[in-house]
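Peer 1: Quick one: this structure, given as structure tokens, is what I'll be asking you about.
The values are calculated or read from the model by the stated rules, or taken from the named source; none is laboratory data. These numbers were taken from a predicted model, which means no experiment stands behind them. FYI the Cβ positions are ideal-geometry reconstructions off the backbone, even for glycines, and counts take in every protein chain you see. Calculation scope for accessible area: heavy atoms of the full protein, side chains included, ligands and nucleic acids excluded. Shrake-Rupley method; radii C 1.70, N 1.55, O 1.52, S 1.80 Å.
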Amino acid sequence: MQGTVTCGSWIRRPENLNLVVLGKSSRKRESASRSVLEIFSFDPQTSSLSNSPQVTYVFEETEGEPVTIAVHPSGDDFVCSTSKGGCKLLELSGQETNLKLLAKELPPLQDAGPQNCMAFSVDGSKFATGGVDGLVRILKWPSLLIILDEAKAHNSVRDMDFSLDSEFLASTSTDGAARIWKAEDGLAVATLTRNSDEKIELCRFSKDGTKPFLFCAVQKGDKAVTSVYDISTWKKIGYKRLLRKPAAIMSISLDGKYLALGSKDGDVCVAEVKTMEVSHLSRRLHLGTCITSLEFCPSQRVVLTTSNEWGAVVTKLNVPADWKEWQIYLVLVGLFLASAVAFYIFFQKSDSFWKFPLGRDQPGRPKFEILDPQYSEDAFGPLDM
């Protein structure tokens with residue numbers, strides 16, 4: 001799917017239905033065509049998008065082109081930042097074959113200017129934006145009450161992400177700084193330490209629920225590394241060279257098992273978080289072009305990537321298959337049946353009265369004589385005292 005895709009994201013709908021929303025602008029500046037948002041269906045069997053969009057929204061000429069998209073965890077609505085018109089809320093309704101988009105204004109962000117990044121908290125109760133002008137905002141969702149409106153947060157915001165428990169927001173700057181905010185009240189918690197030759201560019205919190213880490217893509221001199229910070233102390237505990245070239249974007253899977261990095265020349269690498277070893281590498285996926293969007297499919301080992309030159313690409317990852325729920329139940333049923341058969345064989349082969357196996361030299365249980373039916377336990381009858 002080549003073209004003028006500027007951004008993209010997955011939309012998780014009920015019953016494991018996944019959609020993809022793409023922002024598109026006119027390739028030629030002199031063209032009269034306007035920017036659009038298009039939603040495509042996803043086929044998990046072929047790992048591909050539908051040939052034509054299910055629904056399209058057309059921007060006004062004054063709004064410019066879509067810059068970035070953030071989808072609410074419910075999949076019912078998403079926010080799109082534009083280059084000229086601030087942020088716009090779009091509500092999604094209907095079934096896959098009859099989708100509808102309803103555009104709404106976001107008063108606190110209507111004239112906010114272009115945003116480099118936006119994010120919803122994992123629980124969907126908060127929404128954050130990071131502006132080109134360096135302003136960081138945190139709002140309650142859906143009331144849009146402002147929690148944080150920090151104009152001097154950064155020189156220009158580069159990236160941001162909420163922690164799994166929705167307690168913290170991490171943000172990075174184009175000048176290499178990174179800050180941590182308390183999502184509930186907007187207080188600044190920490191500034192990540194770095195050496196003079198280090199620039200912290202991208203950030204993602206761990207999402208597997210067991211490892212409280214913050215992963216950061218760091219440019220260390222002429223080397224690109226992925227640093228790991230302990231979120232209990234906000235101190236760096238180590239780093240690993242994964243992509244081995246400057247990263248343009250970072251993403252982590254919904255279950256937290258995989259971390260992905262996209263390069264500025266079109267490569268994508270996916271590492272297993274548990275081992276921090278590269279599990280999948282796609283070279284020249286977007287040949288010679290900076291990757292603008294990188295996101296894991298909510299229910300498949302598939303990633304969506306976009307670039308201005310090559311459009312949207314859906315890639316099936318070459319990683320070990322996950323156990324399906326029905327496979328786990330099948331194994332449990334098999335173990336139960338195997339245990340039942342083993343117990344039955346054990347019971348039938350045992351030759352004691354109580355059906356327990358006898359030792360090699362252990363005498364068998366003595367046989368009981370069949371007594372006369374008229375036999376009484378009181379053989380002597382009543383006694384005269």
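Peer 1: Just need a number here: residues in region 35-46 that are in a loop (DSSP other than H, G, I, E, B) and open to solvent by less than 20 Å² (accessible area, probe 1.4 Å). Quick ask: steps written out before the conclusion?
Peer 2: Initially, region 35-46 is screened for residues in a loop (DSSP other than H, G, I, E, B), giving 35, 44-46.
Now restrict to residues that are open to solvent by less than 20 Å² (accessible area, probe 1.4 Å): 35.
Counting residues in region 35-46 that are in a loop (DSSP other than H, G, I, E, B) and open to solvent by less than 20 Å² (accessible area, probe 1.4 Å) gives 1.
Peer 1: Select from region 311-364 the residues that are part of a loop (DSSP other than H, G, I, E, B) and modelled with pLDDT of 75 or more and write down the one among them that is nearest to S25 (Cα to Cα). First the steps, then the outcome.
Peer 2: Initial filter on region 311-364 (part of a loop (DSSP other than H, G, I, E, B)): 317-324, 350-364.
Now drop any that are not modelled with pLDDT of 75 or more, which leaves 317-320.
Values: L317: 29, N318: 32, V319: 34, P320: 37 Å.
Ranking the qualifying residues of region 311-364, first place goes to L317.
Peer 1: Of the residues in region 215-244, how many are at negative phi and assigned to a strand (DSSP E or B)? Lay out the reasoning, then the answer.
Peer 2: Going through region 215-244, the residues at negative phi turn out to be 215-220, 222-233, 235-237, 239-243.
Narrowing further to those that are assigned to a strand (DSSP E or B): 215-220, 223-230, 235-237, 239-240.
Total satisfying the criteria: 19.
Peer 1: Take the residues in region 124-139 that are more than 20 Å from K84 (Cβ to Cβ) and not in a loop (DSSP other than H, G, I, E, B), then tell me which one is most open to solvent (accessible area, probe 1.4 Å). Let's see the steps before the verdict.
Peer 2: At the first step, the residues of region 124-139 found to be more than 20 Å from K84 (Cβ to Cβ) are 124-128, 136, 138-139.
Checking the rest, the ones that are also not in a loop (DSSP other than H, G, I, E, B) come to 126-128, 136, 138-139.
Working: K126: 19, F127: 1, A128: 0, V136: 0, I138: 0, L139: 2 Å².
Across region 124-139, the extreme among qualifying residues is K126.
So that you can scan it fast, the table gives a plain yes or no per residue for (1) closer than 20 Å to K211 by Cα; (2) more than 20 Å from the chain's Cα centre (by Cα); (3) touching a residue at least 24 places away in the same chain (Cβ under 8 Å):
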residue: A153; (1), (2), (3): no, yes, yes
residue: R158; (1), (2), (3): no, no, yes
residue: A177; (1), (2), (3): no, yes, no
residue: D185; (1), (2), (3): no, yes, yes
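Peer 1: Take the residues in region 140-172 that are assigned to a loop (DSSP other than H, G, I, E, B) and more than 13 Å from K126 (Cα to Cα), then tell me which one is most open to solvent (accessible area, probe 1.4 Å). Break it down stepwise before answering.
Peer 2: Pass one, region 140-172, residues assigned to a loop (DSSP other than H, G, I, E, B): 141-145, 151-156, 163-167.
Filter once more, so that each one left must be more than 13 Å from K126 (Cα to Cα): 151-156.
Values: A151: 59, K152: 172, A153: 9, H154: 19, N155: 101, S156: 16 Å².
Looking at the filtered set, the residue picked out is K152.
Peer 1: Identify the residue in region 90-108 that is under 16 Å from S74 (Cα atoms) and open to solvent by less than 50 Å² (accessible area, probe 1.4 Å) and, among all such residues, is modelled with the lowest pLDDT.
Peer 2: Here the residue is G94.
Peer 1: Are any residues in region 3-20 open to solvent by 10 Å² or more (accessible area, probe 1.4 Å) and aliphatic (A, V, I, L, M), and if so, which ones?
Peer 2: L17
Listed here are the residues, each with its yes/no results for (1) in a strand (DSSP E or B); (2) over 21 Å from G8 (Cβ atoms).
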position: L101; (1), (2): yes, no
position: A119; (1), (2): yes, no
position: V122; (1), (2): no, no
position: D175; (1), (2): no, yes
position: W181; (1), (2): yes, yes
position: E184; (1), (2): no, yes
position: V189; (1), (2): yes, yes
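Peer 1: Further question: Looking at A32, A70, which one is of a type outside the set (K, R), in a loop (DSSP other than H, G, I, E, B) and either surrounded by fewer than 18 Cβ atoms within 10 Å (Cβ to Cβ) or at pLDDT 95 or above (or both)? Write out each step before concluding.
Peer 2: Details: A70 fails: in a loop (DSSP other than H, G, I, E, B).
Exactly one residue qualifies, and that residue is A32.
Peer 1: Go through region 205-241 residue by residue and tally those that are over 16 Å from the mean Cα position of the chain (by Cα) and either farther than 16 Å from L294 by Cα or acidic (D, E) (or both).
Peer 2: Residues flagged as over 16 Å from the mean Cα position of the chain (by Cα) and either farther than 16 Å from L294 by Cα or acidic (D, E) (or both) within region 205-241 amount to 24.
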